[in-house]
1. Take 226, 207, 291 and order them by how many other Cβ atoms sit within 10 Å, fewest up front.
2. Are there trypsin sites (Lys or Arg not before Pro) in the range 1-97 that DSSP marks as loop and that have at most 15 other Cβ atoms within 10 Å, and which are they?
3. In nm, to one decimal, how far is the residue 265 label point from the residue 250 one, both placed 7 Å along Cα→Cβ?
4. Assuming R0 = 41 Å, what is the FRET efficiency of residue 177 and residue 83, from their Cβ-Cβ distance, to the nearest 0.05?
5. Dividing the alpha-carbon radius of gyration of the chain by 2.2 N^0.38 Å (N being the number of residues), what value is obtained?
6. Report, for the chain, the % of DSSP beta bridges that are antiparallel, rounded to 5.
7. Any chance you could give the angle, 0 to 90 degrees and rounded to 10, that helix 84-93 forms with the longest Cα principal axis of the chain?
8. Going down the list 108/217; 191/233; 233/267, which pairs span over 26 Å between their C-alpha atoms?
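Nothing in this text is a laboratory measurement; each read-out follows from the coordinates by a stated rule. Bear in mind the structure is a predicted one, so any value in this text is a computation, not a measurement. With ideal geometry, Cβ positions are generated from the backbone for all residues, glycine too; neighbour counts draw on all protein chains shown.
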Amino acid sequence: MRIFSGIQPTGDKHLGNLIGGFRQYAATQEQGEGFFCIVDLHSITVDYDPEDLRRRTLDLAAMLFATGLDPDRSTVFCQSHVTAHAQASWLLSGVASYGQLGRMTQFKDKSSEREFVSAGLFTYPVLMAGDILLYQTDIVPIGDDQRQHLELARDIAERFNARFEETLVVPRGVFPEVGARIMDLQEPERKMSTTLGTPQGTVLILDPPDVVRRKFKTAVTDSGRDVVRTPDKPGVTNLVEIMAVATGEAPEAIESRYGSDGYAKFKEDVGEAVVSLFTPVQERYRELRADEGELRRLLALGAEKARAISAPTLASMYERMGFVRL
Ligand code: AQP
C-alpha cells in the first residue's frame, strides 16, 4: 500500500499538526510504503521570508524524524527537489475546475483581509493533488481541515482517468479517530493554526513546558462544571479530545473520571499530559537538528527515491495527454 502526505515548512508546528499530521505519519508508515513530503513550494503562496523558509525546511525535516518517521522505511523529501511535482501541477490544472477551486474554504479564509492574494494561493490545491497522485497513493493521512482538498484531488484523478485513460489511483483520506480537528484553546470555534488561530490558543510542539502549562491553564472553557463533549461545549470537547490523544485513554473514560468536578484541575491535567507528550519529541528534535549534514543527506536520499517512483506516473500523464515524447 502507498501512503503519501505533505506538510508545509513555514509556520510553527503545533499540537494540531502533531495529531492530524506527524503522529499519523509514524503510525501509517507501518502499513506500507510511505512518502512524506515537505511542501516547500506551497510555502511561497503567502508572504514569507526566504531565509526563514530555508531554516524551517531543515527544522521540519528534524521534526518528521523526531516524531517517528524512520528513514530506512519511509521516504522523506522536499517538494522542490522533485521537479515532477511542479510539472504535474501544470498538467493537472488542465483538468481541475476553476469553480471548484473557488469554493475551497482554506482559500477563502486565507485570502480574506489580505491586501495581496497570490495566484498560487488559489491554485495550490492542484499542486497538492499532483503531490498525491504522482505516487499512485492509496491512503493520505491528514487532519479534517484537508478533507476538501483531498476531495478535489480525487475529483481531479477521476476526471483525468475519464478524459484520457485509466492512469491515476484515486486516493482515500485517513483521519484520526479522535482529534481530527484540534481547535484553538482561546477560540474553540476555529481550528488551531499558526496563521488563522490566536497565539495564546495555539500550543506549539517546541513550546517550553511552562508555556504549555500556561496555555492550558488559561484555555477557554464553557459554563457549567461538567467535563463532557457536547456541541454547546466546544472548549471542553476540544480538551477532552486532546487529553484522549495525549494519554491514549478513551474520551468516555476521561469524562467519567472528571465528572462534574469543574475545570481547573482538569485543565491542569490536560496541560501536564501534553507536556509528557511533547518532552521526548523535543529531546529527539534537538539532537537531530544539531546535525544539519545528516539531515541534508537524508533529504537527498529521499529526493532520489521520490524522483524514481514519481517519474513513470509523470511520463504516463504526458503520454496520455498527447505530448510528443522523444
Ligand atoms: N487544527 C488541526 N487539527 C488537526 N490536524 C491539523 N492539521 C493542521 N491543523 C490541524 C494537519 O496538519 C497537517 C500539516 O498541516 P500544514 O502545516 O501543512 O498546513 P495546515 O493544515 O494549513 O496547518 P496550519 O497550521 O493551519 O497552517 P496555516 O498556519 O498555514 O493555516 C495536515 O495534515 C493538516 O490536516
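1. 291, 226, 207
2. 73
3. For the pair residue 265/residue 250, the computed spacing is 2.3 nm.
4. Numbers: r = 37 Å, r/R0 = 0.90.
So the FRET efficiency works out to roughly 0.65.
5. Compared with the compact-globule rule of thumb, the chain sits at 1.03.
6. 10
7. 80
8. Values: 108/217 32 Å; 191/233 15 Å; 233/267 14 Å.
Violating the 26 Å limit, Cα to Cα: 108/217.
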